[in-house]
1. Considering every residue within segment 98-120, establish whether at least one is closer than 14 Å to Val16 by Cα and out of contact with any Phe, Trp or Tyr (no Cβ under 6 Å at 6 or more places or on another chain).
2. Which pairs do you get when a residue that is over 10 Å from Leu51 (Cα atoms) and without any contact (Cβ under 8 Å) to a residue 12 or more places away in the chain, found in segment 74-100, comes within reach of a residue that is crowded, with 17+ Cβ neighbours inside 10 Å and of a type in the set (Lys, Arg), reach meaning Cβ atoms under 6 angstrom, with the pair 6+ apart or on two chains?
3. Assuming Val124 fulfils every condition listed in (1) surrounded by fewer than 19 Cβ atoms within 10 Å (Cβ to Cβ); (2) more than 22 Å from Gln58 (Cβ to Cβ) apart from one, which condition is it?
4. Of all residues being among the β-branched types (Val, Ile, Thr) and over 10 Å from the mean Cα position of the chain (by Cα) in segment 63-90, which is surrounded by the fewest Cβ atoms within 10 Å (Cβ to Cβ)? Just the residue, please.
5. Restricting to segment 46-61, and then to whatever is free of Cβ contacts under 8 Å to residues at least 60 places away in the same chain and buried (at least 17 other Cβ atoms within 10 Å of the Cβ), can you tell me which residue is nearest to Thr86 (Cα to Cα)?
6. So, Asp43, is that one in contact with a helix residue (DSSP H, G or I) (Cβ under 9 Å, 6 or more places away or on another chain), acidic (Asp, Glu) and part of a helix (DSSP H, G or I) or not?
Amino acid sequence: MAPTETSTEPRVLNRVLIIDDDSGVRTVLRYFLERDLGVEVEDASSGAAGLSRAREWQPELVLLDLLMPQMDGLQTLEALRLDPGTRHIPVVIMSASAPEEWIPKLRSLWILGILAKPFSPETVGRDILEFFDRASSWREVQ
């Protein structure tokens, strides 16, 4: 069930999917990602909508809120990893406070890291690029 990558070409970040139930977070992240990184951004307000969008749009990176109603970030991440069409997509978790007992499970589901909320508008683009740079080594060990 591990993600696989067949190409050895360097990866370029062009498309980011934000999955977060907070419209303010989605709006702010979209603004900074488009402005600072020049990437295309799509967003979804729920785990279910995010799964659907990830399948059809195939982003290079998903930014996933951990605490959401109905389908939380852990459930969404598990579904992404079980789906052959999305299991290869790197994921960064966003959370103000990840429940300590979830950390081992999150790591076992191949996350690139956790972006702490609230994030700094001045550094969020750079922080996301640093996570994305880990995607190559993440894929190599899977």
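1. Looking through segment 98-120, none of the residues is closer than 14 Å to Val16 by Cα and out of contact with any Phe, Trp or Tyr (no Cβ under 6 Å at 6 or more places or on another chain).
2. Cβ pairs passing all conditions: none.
3. (1)
4. Going through segment 63-90, the residues among the β-branched types (Val, Ile, Thr) turn out to be 76, 86, 89.
Of the ones still in play, those that are also over 10 Å from the mean Cα position of the chain (by Cα) are 76, 86.
Numbers: Thr76: 26, Thr86: 21.
Residue satisfying both the conditions and the ranking: Thr86.
5. At the first step, the residues of segment 46-61 found to be free of Cβ contacts under 8 Å to residues at least 60 places away in the same chain are 46-59.
This time we only want the ones that are buried (at least 17 other Cβ atoms within 10 Å of the Cβ), so: 46-47, 50-51, 53-54, 59.
Values: Ser46: 16, Gly47: 13, Gly50: 11, Leu51: 8, Arg53: 10, Ala54: 7, Pro59: 9 Å.
Going through the qualifying residues, I end up with Ala54.
6. Working: in contact with a helix residue (DSSP H, G or I) (Cβ under 9 Å, 6 or more places away or on another chain): yes; acidic (Asp, Glu): yes; part of a helix (DSSP H, G or I): no.
No, not satisfied.
Each value in this text was obtained by applying a stated rule to the coordinates, not by laboratory testing. It should be emphasised that the depicted structure is a prediction, and the values quoted were computed from it without experimental measurement. Neighbour counts are summed over all protein chains in view; Cβ atoms, including those assigned to glycine, are modelled from backbone coordinates with ideal geometry.
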